[in-house]
Structures are given as C-alpha cells and as structure tokens.
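The structure follows.
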Amino acid sequence: MKVLRRTQFGNPILRTVARHLSNDDINSPEIQMLIKNMYYTLDKKEYGVGLAAPQVGEGIAVAVVGIKPTPARPELKQEKLTLINPEIVKTYGNRTGMWEACISGSELYGKALRYRKIKVRWQDEAAKSHEQDFDNFMAHVLQHEIDHLNGILFVDKVKDTKTFVTFSEYNKMRRSKLL
C-alpha cells in the first residue's frame, strides 16, 4: 500500500463533479486498491477523519471515513465507512454552524453550515447498496465528503466569513474552551 498525494485548493479536480462507478468498476482491482490506499493514507498521514477520491487526484465518486478517538475528541467512537456513489436523500431540521477544516485547504478552519441529521444512500466496496440515517459528527463528516464528490468545498458552506481562522488560532480557541 502507498500514501497518496493530496490535492490542494485551487486544483480544478476539487471543483468537478465526480464520475459515478458501475458495479464492475467498484469490483475492479484498481478501485479496490485505491480504497485500501485511501484508508492507508488517512491513517498514516493523520490528515483527519475522511478522504474523498478527488482529494487524491481521482475524479470518481469514492470516499472513505475513518473516525477514531483523539486527545482533542476523546468521546468519538471508532467508525470506518466506505462510500461509493453516495447521495444525501433526506435532511432533518435546520443547518447549524459547525467548525470544519479540510486537508485540501491546509491551515483554514471555519463554521460551515451543516445538518445535524441526514439520510444517505450509497454502495460499499463490495458494490452492496445501503441507506441509513446518520447524526451528529458522522453526519457532519459525511456531508463534507459527499460535497467533495459534487465539486463543493467546505468554504462554500461558510456563510459568516468572520469565522475563518488558522489551524493555530483554532487550537488556541479549543484549548481555552472558546469553541
């Protein structure tokens, strides 16, 4: 397995709608290896909790989520999910501002408007179809990754640009419990 190179803000692939995959595509050795390499990259680089294929230069509708407890978020439970051809089929309630960053955007944080609960339809790495409700942090992460597959960046979801802060300022705020 190998660590994949991340794509940075400004690269046009991040603003392009990703191509959906057929079942044959999903089951191909190339896609199976890409998924393994995406998880490996997420784990080894400690980029965050999710990675969409466009973020590693692939314009296809694949995203992986690897959530685990951290010193900053010890309450999180470990979750791993592969999403292929995902779509949000239902949202619940109003959107609220939630702190967010992106590995493609490097040092920038902001309050993106996200739903606290969503229903998602997707296929897994075996091309099996699923539909499920997600809430709280997982819903937040899934909206971010699905947006990547639709050419949308988290900065597009930030309505109050005064919430933009750098990584170091975000950490200062977090440590002083201002978040």
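Read the figures in this text as sums done on the coordinates, not as results from a lab. All values derive from a computational prediction rather than experimental measurement. Positions of Cβ are backbone-derived with ideal geometry, glycine not excepted, and every protein chain shown enters the neighbour counts.
Going by the alpha-carbon gyration tensor, a ≥ b ≥ c the square roots of its eigenvalues, is the stretch 112-162 rounded (a/c under 1.5) or, if a/c is not under 1.5, prolate (a/b greater than b/c) versus oblate? List each step's numbers first, then the result.
Values: a/c = 3.66, a/b = 1.80, b/c = 2.03.
In terms of gyration-tensor shape, oblate.
Moving to a separate point now. Just to be sure I follow the definition: excluding the sites themselves, where is the longest run in the chain that has none of the chymotrypsin sites (Phe, Trp or Tyr not before Pro) in a DSSP loop with at most 15 other Cβ atoms within 10 Å? Each step should come with its number before you reach the end.
Working: sites that count: PHE9, PHE164.
Result, exposed sites excluded: 10-163.
Please state the relative contact order of the stretch 47-159 as a whole percent: Cα pairs under 8 Å, 6+ residues apart? Walk me through the numbers before you get to the answer.
Details: 222 pairs, mean separation 28.8, N = 113.
Answer for the stretch 47-159 is 26 percent.
Rounded to the nearest 0.05, what FRET efficiency do SER22 and THR166 have when you use their Cβ-Cβ distance and R0 = 41 Å? Don't skip to the end; give the middle numbers.
Numbers: r = 42 Å, r/R0 = 1.02.
The value I calculate is 0.45.
In the stretch 1-157, what is the volume of the convex hull around the alpha carbon atoms, normalised per residue and reported in Å³? Intermediate values should be presented prior to the final figure.
On the way: hull volume 16.7 nm³, N = 157.
Given the Cα convex hull of the stretch 1-157, per-residue volume reads 106 Å³.
Next up: If R₀ is 45 angstrom, what is the calculated FRET efficiency for the pair ASN11 and LEU76, using the beta carbon separation as r and rounding to 0.05? Before the final figure, lay out the partial values.
Values: r = 29 Å, r/R0 = 0.65.
Between ASN11 and LEU76 the formula returns 0.95.
Another question about this same structure. Evaluate Rg over Rh across the stretch 1-85, taking Cα atoms for both radii and Kirkwood's formula for Rh.
0.99
Related question: To make sure I understand the rule: partners must be lysines, Cα under 18 Å from the Cα of LYS159, and not fewer than 8 residues away in the same chain. Which ones qualify?
Result set, ordered by chain and number: LYS111.
What 222 nm value per residue comes from the helices of the chain, counting each DSSP H run with n ≥ 4 as -39,500 (n - 2.57) and dividing by all residues, nearest 500 deg cm²/dmol? Walk me through the numbers on the way to the answer.
Numbers: 4 runs with 44 residues, N = 179.
That calculation yields -7500 deg cm²/dmol at 222 nm.
Please report how far the C-alpha centroid of the stretch 134-153 lies from that of the stretch 12-58, rounded to the nearest whole angstrom.
With the stretch 134-153 and the stretch 12-58 each reduced to a Cα centre, they are spaced 15 Å.
Right, next: Give the residue from ILE13, ALA112, VAL89 lying farthest towards the positive end of the charge dipole for the chain; charges sit on Cβ (+1 for Lys and Arg, -1 for Asp and Glu) and the dipole is referred to the Cα centre.
Highest projection toward the positive end goes to ALA112.
Calculate the dipole size of the chain relative to its Cα centre from +1 charges on Lys and Arg beta carbons and -1 charges on Asp and Glu beta carbons; express the result in debye to the nearest 20. Before the final figure, lay out each step's value.
Working: 28 positive and 21 negative charges, 151 e Å.
In debye, rounded to 20, the chain gives about 720.
Loop sites only, by DSSP: take the trypsin sites (Lys or Arg not before Pro) in the chain that have at most 13 other C-beta atoms within 10 Å and name the longest stretch containing none of them.
Longest run free of exposed loop sites: 6-76.
On a full-extension model of 0.36 nm per residue, what is the gain between LYS119 and MET173, subtracting their alpha-carbon distance, rounded to one decimal in nm? If you can, show how the numbers build up before the last one.
Values: separation 54, 0.36 × 54 = 19.44 nm, distance 3.18 nm.
Stretched out fully, the LYS119 to MET173 stretch lengthens by 16.3 nm.
A follow-up question, please. Under 10 °C and 1.306 mPa s, how fast does the stretch 46-136 diffuse according to Stokes-Einstein, given a Kirkwood radius computed over C-alpha pairs? Answer in µm²/s, whole number. Display every interim value, and only then the final one.
Details: Rh = 14.6 Å.
The diffusion coefficient I find is 109 µm²/s.
Projecting each Cα onto the charge dipole of the stretch 1-159 (Lys/Arg +1, Asp/Glu -1 at the beta carbon, about the Cα centre), which of LEU149, TRP99, ILE67 comes out farthest on the positive side?
The listed residue farthest towards the positive side: TRP99.
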